[in-house]
Amino acid sequence: MTKIIIADDHAIIRDGLKQIISFVPNMSVVGEAENGQELLQLIRTLDVDVLVLDMSMPGKSGLALIQQIKALKPDLPILILSMYQESQYAVQAIRAGAAGYITKNTASGQLIEGIRKVADGGSFISPAIAEKIVKQMHKPEMDLPHTKLTAREFQTFKMLVEGHSVNDIANILSLSNKTISTHKANILQKMGMTNTASLVYYALKHGLVDEGFEKPGQ
């Protein structure tokens with residue numbers, strides 16, 4: 001029996017995942033967490049084979065959690081389940097110690113395939129994400145400024161160009177205004193820019209915003 005922990009701050013996502021897994025023989029969800037603190041406590045107390053982890057729960061970022069979890073249980077396979085379809089997130093997650101990365105729009109069959117693969121000691125990346133990674137490896141775009149951002153900085157960058165204020169982002173991510181302001185300053189410095197308008201232009205130019213995006217103020 002493959003014993004699984006699910007960590008996601010949205011109850012509806014956890015319920016959906018449990019429902020999918022409940023139909024699979026030899027798989028069982030033995031615990032669930034809605035934040036990093038709960039998750040670390042579960043990992044310390046439960047015998048578990050796979051962790052399905054949301055990349056962007058409030059507070060401690062997914063990458064920091066991955067590293068802390070691997071310090072506690074180096075052999076625990078972590079399958080990231082993320083809303084982010086940019087390959088940069090997948091690359092950083094794998095580098096931090098995750099065994100796999102799939103997006104939340106992935107078909108349920110791929111989720112189960114991913115769990116099986118990492119439980120057996122392998123790795124798994126959503127085919128669409130894997131294709132993006134391969135394409136980018138053959139392009140000079142890997143040297144673009146946004147690839148230097150950390151996962152949390154890139155998340156903040158995306159929210160800034162989508163029109164969110166520093167205060168909005170702080171509330172959404174359950175972080176302080178000071179922390180988000182620091183992220184913004186680091187983003188501007190790393191990307192060699194001076195204001196949010198420049199970030200918006202950059203994001204549009206390089207296709208880093210979702211389809212249907214409207215510039216802030218429109």
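The values are calculated or read from the model by the stated rules, or taken from the named source; none is laboratory data. Predicted model, so just to flag it, every value in this text is computed and none were measured. Counting neighbours? That spans all protein chains shown, and the Cβs are built from the backbone with ideal geometry, glycine included.
Looking only at region 132-165, count how many residues are among the acidic types (Asp, Glu) and either in contact with a helix residue (DSSP H, G or I) (Cβ under 6 Å, 6 or more places away or on another chain) or at pLDDT 80 or above (or both).
Within region 132-165, the first condition is being among the acidic types (Asp, Glu), and the residues that meet it are 141, 143, 153, 162.
Add one more test, that the residue is either in contact with a helix residue (DSSP H, G or I) (Cβ under 6 Å, 6 or more places away or on another chain) or at pLDDT 80 or above (or both), and what stays is 153, 162.
So the answer is 2.
Being over 17 Å from the mean Cα position of the chain (by Cα) and either among the hydroxyl-bearing types (Ser, Thr, Tyr) or crowded, with 18+ Cβ neighbours inside 10 Å (or both) is the requirement here; does Val50 meet it?
Details: over 17 Å from the mean Cα position of the chain (by Cα): no; either among the hydroxyl-bearing types (Ser, Thr, Tyr) or crowded, with 18+ Cβ neighbours inside 10 Å (or both): yes.
Criteria not met by Val50.
Checking Leu76 against (1) surrounded by fewer than 19 Cβ atoms within 10 Å (Cβ to Cβ); (2) more than 30 Å from Thr147 (Cβ to Cβ), which test does it fail?
Failed condition: (2).
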